[in-house]
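One structure is given below, encoded as structure tokens.
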Amino acid sequence: MIITGDFSRELSHSTPGRLVLAREILWLISGVYGLAAFFLELYSPEKRWKRFRWTKPWSKEGKIQLDDSDSEDEALNGVDALNGAGSVSGKNEDGDMECPVLTANFYERLTFSWLTPMLSLGTRKFLGEEDMWSLPPNDSAEALSERLQATWSRQLELVRQHKKSKPSLKVAIAKAYGGPYLVAGMLKALYDCLNFLQPQLLRLLLNYVSSWGTDHPMPPIAGYAITLLMFISACIATSALHQYFDRCFATSE
């Protein structure tokens, strides 16, 4: 409002103007609160930090410092991490490297930044089997078979209760593995809808530009709002498409 000249003495000394200012101040407070939540989510303690004591992000000595009580294997892993040979995200109960997606926060999942250590390591050496993370527990063959067994047992239970004439394997498979496909479909639908929104926003932007050749041009704030909506919708569409592909690749494997 200051940039476009809408902020004036009349605006701040009238009841409708004060309502507008209150609304804008609420938006500003919401933005500051969201920014604070963003940084807290990025730097808050995670489960992966139980084993390691982390230094300040700007420290030059490395991010991982091992406690004196750590074992020899953990110390070697810590040295490798400090030397840039790889990333230490902890080990699972089988002693394998834990997949960092398990402790990744919302923004790391959204931007796939949890893959950065692996990609960075791949630029320095050929990746081998020892460099690979283990599968997330929910994607293991044992977990997937138990999930199907549970849904199939539910179908058999419905037959014993005479609620169904015969069990349905298709229904059991859909209930066991259909969740990711449903989410992927919703993400793809969101992406398609936002693709239809972009031409409409472009039409509004052209109407805004054309209005400046008439006697009644649209206010500058309208142009700012249209361009901001175009940027936000493009970012959301791109993120939705990438999350859709991620689920497609994960389920197809």
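A short reminder: the numbers here are calculations on the coordinates, not readings from a lab. Worth saying up front: this structure is predicted, and the values here are computed from it rather than measured. Positions of Cβ are generated from backbone atoms using ideal geometry, with glycine treated the same way; all protein chains shown enter the neighbour counts.
Quickly rank 214-227, 29-42 as a protection proxy: mean count of other C-beta atoms within 10 Å, highest first.
On the way: 214-227: 13.1, 29-42: 10.5.
Going by the mean number of other Cβ atoms within 10 Å, highest first, we get 214-227, 29-42.
Would you mind working out the magnitude of the charge dipole of segment 139-252 relative to its Cα centre, with +1 at each Lys and Arg C-beta and -1 at each Asp and Glu C-beta, to the nearest 20 Debye?
Dipole magnitude for segment 139-252 comes out near 800 debye.
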* Structure fact -> Under the Karplus relation with 6.51, -1.76 and 1.60 and θ = phi - 60°, whole-Hz ³J(HN,Hα) for segment 188-193, x at Gly and Pro, equal 5, 5, 5, 4, 5, 5
